[in-house]
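The values are calculated or read from the model by the stated rules, or taken from the named source; none is laboratory data. For clarity, every value in this text was computed on a predicted model and none was experimentally measured. FYI the Cβ positions are ideal-geometry reconstructions off the backbone, even for glycines, and counts take in every protein chain you see.
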Amino acid sequence: MSAVETPAVLLRSHDYGDSSRILRFYTRDHGLVSVVARGVRGKSGKGATTLASFASGQLIVYMKAHRDLHTMKDFHCTALRSGLATDMLRFAAAAAAGEVVLVHAEQEPQPAVFDAMQDALDTLETAPSAELPGTALAALWTIIEAFGFAPQLDPCVRCGTSIVDAQVARFDFAAGGLRCEACAQDAAGPRVGPGARAQLALLLNGRVPAGLTHTRQHLGLVSDFIAYHLATKPLKSLKFLGGMLPADSVATGA
């Protein structure tokens, strides 16, 4: 059994036995990897403190084929991201992004997802406070896009005609995108007006729209999209994140 080394980000951990931990890393070369880190709870100093949620670095692990739990040899932290813990909204957004990866990723490499996760965490740590709601939404959408599930905003997913600026479209979760006004009558998804569509297009590209509005409605849309395409039920971390976002007084389709 030889050791392998791969870039990795720590997404979740829990205690195991009297002195060890089970750590779940998302890695660039091996997808999701669960390891047991023996004796780390009895240690102090730099080596122990770098095993923090959302830290990135080089993971060295003894891997066995056909095993779900492997043995960690070492973790060389290159980005601790301690700034995420200084703000509840930053941490909640990071936790939501991490849970999306945990519920959908497999033990297969998806470098685009790894890069999107890394970029999301870096941006969440450094974004100005005023831009955090939009940064959180952009982080979720860019990870979804990296998985290959980005919604189609134009043309209409049913008839294929272009959705013009003045139309109020409606989301069709099963089809993975928007229906135009003519095709929207029997669609059960939320209404999405021109302003919300423009904001959503920017968020899908990882950009925070100027004067972003309706953040809770935007989160409801991305949460429902994740539940339909990437998970089997709404994620608890997204509900918690919703409580951190500013309240809106106008519906998304307005």
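The residues on offer are Thr161, Thr126, and the sole one that is more than 12 Å from the chain's Cα centre (by Cα), touching a residue at least 40 places away in the same chain (Cβ under 8 Å) and surrounded by fewer than 21 Cβ atoms within 10 Å (Cβ to Cβ) is Thr126. Select from region 104-135 the residues that are farther than 22 Å from Gly177 by Cβ, out of contact with any strand residue (DSSP E or B) (no Cβ under 8 Å at 6 or more places or on another chain) and not acidic (Asp, Glu) and list them in ascending order. Hits for region 104-135 are Pro111, Ala120, Thr123, Leu124, Thr126, Ala127, Pro128, Ser129, Ala130, Leu132, Pro133, Thr135. Within region 13-40, the set of residues being surrounded by fewer than 16 Cβ atoms within 10 Å (Cβ to Cβ) and in contact with a helix residue (DSSP H, G or I) (Cβ under 9 Å, 6 or more places away or on another chain) comprises Asp15, Gly17, Asp18, Ser19, Asp29.
For region 127-152, the set of residues classified as farther than 10 Å from Val208 by Cβ and among the hydroxyl-bearing types (Ser, Thr, Tyr) consists of Ser129, Thr142, listed by residue number. Test Leu202 against the criterion of being within 17 Å of Ala139 (Cα to Cα), assigned to a helix (DSSP H, G or I), in contact with a Ser or Thr (Cβ under 9 Å, 6 or more places away or on another chain) and assigned by TED's automatic domain parsing to the domain that holds Gly98, and give yes or no. The answer is no for Leu202. The residues on offer are Thr232, Thr213, and the sole one that is closer than 22 Å to Phe149 by Cβ and of a type in the set (Ser, Thr, Tyr) is Thr232.
Please enumerate the residues belonging to region 217-236 that are crowded, with 18+ Cβ neighbours inside 10 Å and not in a loop (DSSP other than H, G, I, E, B).
The first filter runs over region 217-236 and keeps only residues crowded, with 18+ Cβ neighbours inside 10 Å, leaving 217-219, 221-223, 225-226, 235.
Matches in region 217-236: Gln217, His218, Leu219, Leu221, Val222, Ser223, Phe225, Ile226.
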